[in-house]
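Before any comments, here is the structure.
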Amino acid sequence: MEKKLRIGLVCPYDIFSEGGVQFVVKHLYSYLVKRGHYVKIITPYPIGNTDMSKMSSKDVIFIGKSRDFRSPLHTTVQISSSADDKEIRQVLKNEKFDLINYHEPWVPFLSKQILTHSTSINIGTFHAKIPDTRLIKGLVKSLNPYLKSVAKNLDGFTAVSHAAAEHINTLTDREIKIISNFIELSEYQMNTKKDKSENKTILYIGRLETRKGVRYLLDAFSLINEKYDNLELIIGGDGPKKKVLIDQAEDLNLKNVKFLGKVTSAQKGDLLNKADLFCSPAIYGESFGIVLLEAMAANIPIVCGDNPGYKELMKDIGVFSVVDVKNKQDFANRLELLLFNTSLIKIFQDWEKEYVKLFNENNVLASYESYFLSVK
């Protein structure tokens, strides 16, 4: 009989908002509870109007307060701004966790404070890749003493990819267990035949910010748009570069580009089901590529930027989808091939249909449980 653990899952962000870390924490919580473990989510109390009915109060332990933080990547998140050490000691005394799993443990300040008082097994899970920019590399270097103080108190390490593990590998000689991101395949695998119009549709969903490379997609689209009259580019998402990108599309005289704004989870599935090709031209800052998995689950071809996180994910036949998006002609050629070359599209779809099964939710979450049970 497998040992049942008392587990704390630390989420440094507002657990009620959407985000990759929150997605993993909530699904890991549900899986571990179903497996018979005692599990609590530990998170700072969110600010603003929050629907607390989204999660039962018994599921979540709130420690400290949150504040809005604008990251160097121009995204705004809520992170812990303060937590009382006495409160932390009382929670740890009451809960008697066998193991605490800290997601993005470098994010100030909750994980660091809990680690200071924890006598449990402490495991850090790293999600993000540190972007390859001079500004952010310099910032991270200045924070290394803080990062090292966190790392030295961890008994185990997991990361969603080698790209996400890159910096922690410079701060510890301990093994980093790679446990990939995951999706629920059934949410994107439609039973009905895809309802497609006569137009060929390229779909982008994501933040509209510099590192996502959407301006390069508009440039490449303008080249193939000159050759075909049945193309459409749909851009879903919001962000600081939205107006700049709309202006760029107008300057390029692209009449068949639609900016949808923020896309809900329900809308995303429908958009993927109707698209002919998914494109994510991110140039840096990607540790994995959940959006690529979602497109694979919907069984549509992909063209993506050649950043380390995407290159690690897109293996075998998938390598063909990776392109230098700053090379406008190469980028346009790849889009054209995966839109119109039926033989190549069939090969790609056959590959991704099997490959994406490796990232099914239960398979990946079982790896977390196995690792938790193995760490001493």
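Where strands (runs of 3 or more DSSP E) fall entirely within segment 44-127, those with at least 3 residues that are surrounded by 14 or more Cβ atoms within 10 Å (Cβ to Cβ) and modelled with pLDDT under 90 are at 60-70, 76-82.
If you take the residues of segment 293-305 that are assigned to a loop (DSSP other than H, G, I, E, B) and crowded, with 23+ Cβ neighbours inside 10 Å, which of them is nearest to the chain's Cα centre (by Cα)? Top of the filtered list is A298.
Any idea which residue in segment 13-27 is nearest to the chain's Cα centre (by Cα), counting only those that are closer than 24 Å to S118 by Cβ and at pLDDT 90 or above? Walk me through it before giving the result.
Quick first cut of segment 13-27, residues closer than 24 Å to S118 by Cβ only: 13-15, 21-22, 24-27.
If we keep only those that are at pLDDT 90 or above as well, we get 21-22, 24-27.
Working: V21: 7, Q22: 10, V24: 9, V25: 12, K26: 14, H27: 14 Å.
Filtering segment 13-27 for residues that are closer than 24 Å to S118 by Cβ and at pLDDT 90 or above, the one nearest to the chain's Cα centre (by Cα) comes out as V21.
Quick check on segment 233-262: of everything there that is among the aliphatic types (A, V, I, L, M) and either in contact with a Ser or Thr (Cβ under 8 Å, 6 or more places away or on another chain) or surrounded by fewer than 18 Cβ atoms within 10 Å (Cβ to Cβ) (or both), which residue is farthest from E336 (Cα to Cα)? Full working, then the answer.
At the first step, the residues of segment 233-262 found to be among the aliphatic types (A, V, I, L, M) are 233-235, 244-246, 249, 252, 254, 257, 260.
If we keep only those that are either in contact with a Ser or Thr (Cβ under 8 Å, 6 or more places away or on another chain) or surrounded by fewer than 18 Cβ atoms within 10 Å (Cβ to Cβ) (or both) too, we end up with 233-234, 244, 246, 252, 254, 260.
Values: L233: 13, I234: 16, V244: 25, I246: 23, L252: 18, L254: 17, L260: 23 Å.
If we take residues in segment 233-262 being among the aliphatic types (A, V, I, L, M) and either in contact with a Ser or Thr (Cβ under 8 Å, 6 or more places away or on another chain) or surrounded by fewer than 18 Cβ atoms within 10 Å (Cβ to Cβ) (or both), then V244 is farthest from E336 (Cα to Cα).
The residue that is farthest from Y188 (Cα to Cα), among those in segment 327-365 that are surrounded by 19 or more Cβ atoms within 10 Å (Cβ to Cβ) and of a type in the set (F, W, Y), is F331.
If we keep just the residues of segment 244-292 that are assigned to a helix (DSSP H, G or I) and of a type in the set (K, R), which is nearest to F348 (Cα to Cα)? Filtering segment 244-292 for residues that are assigned to a helix (DSSP H, G or I) and of a type in the set (K, R), the one nearest to F348 (Cα to Cα) comes out as K274.
Restricting attention to segment 306-338, the residues that are farther than 10 Å from C279 by Cβ and more than 24 Å from the chain's Cα centre (by Cα) total 8. Does L9 count as crowded, with 20+ Cβ neighbours inside 10 Å, modelled with pLDDT of 90 or more and part of a helix (DSSP H, G or I)? Judged against the criteria, L9 is not a match. In segment 204-227, which residues are in a loop (DSSP other than H, G, I, E, B) and free of Cβ contacts under 8 Å to residues at least 60 places away in the same chain? Of everything in segment 204-227, those that are in a loop (DSSP other than H, G, I, E, B) and free of Cβ contacts under 8 Å to residues at least 60 places away in the same chain turn out to be L208, E226. G318 passes every criterion in (1) in the same structural domain as L28 (by TED's automatic domain parsing); (2) over 30 Å from L32 (Cβ atoms) apart from (1). Among the residues of segment 259-294, the ones that are small (G, A, S) and over 22 Å from A249 (Cα atoms) come to 6 in all. Selection of first residues in segment 88-114 that are under 17 Å from F372 (Cβ atoms) and of second residues that are part of a helix (DSSP H, G or I) and of a type in the set (G, A, S), restricted to Cβ pairs under 7 Å at least 6 apart or on distinct chains, gives the following pairs, ordered by first then second residue: Y102/S111; P105/S111.
Do the conditions hold for L185, that is, is it modelled with pLDDT under 95, touching a Pro at 6+ places or on another chain (Cβ under 7 Å) and either within 30 Å of K353 (Cβ to Cβ) or assigned by TED's automatic domain parsing to the domain that holds G19 (or both)?
On the way: modelled with pLDDT under 95: yes; touching a Pro at 6+ places or on another chain (Cβ under 7 Å): no; either within 30 Å of K353 (Cβ to Cβ) or assigned by TED's automatic domain parsing to the domain that holds G19 (or both): yes.
No.
Just for segment 28-42: of the residues that are buried (at least 17 other Cβ atoms within 10 Å of the Cβ) and either touching a residue at least 40 places away in the same chain (Cβ under 8 Å) or closer than 21 Å to N363 by Cα (or both), which one is farthest from the chain's Cα centre (by Cα)? The selected residue is H37. I'm trying to understand the selection: among the residues of segment 328-354, which are under 20 Å from G289 (Cα atoms) and touching a strand residue (DSSP E or B) at 6+ places or on another chain (Cβ under 9 Å)? Those that are under 20 Å from G289 (Cα atoms) and touching a strand residue (DSSP E or B) at 6+ places or on another chain (Cβ under 9 Å): F331, R334, L335, L338, F348, E352.
The values are calculated or read from the model by the stated rules, or taken from the named source; none is laboratory data. All values reported here derive from a predicted model rather than from experimental measurement. Cβ sites come from the backbone with ideal geometry, for glycine too, and all protein chains shown count toward neighbours.
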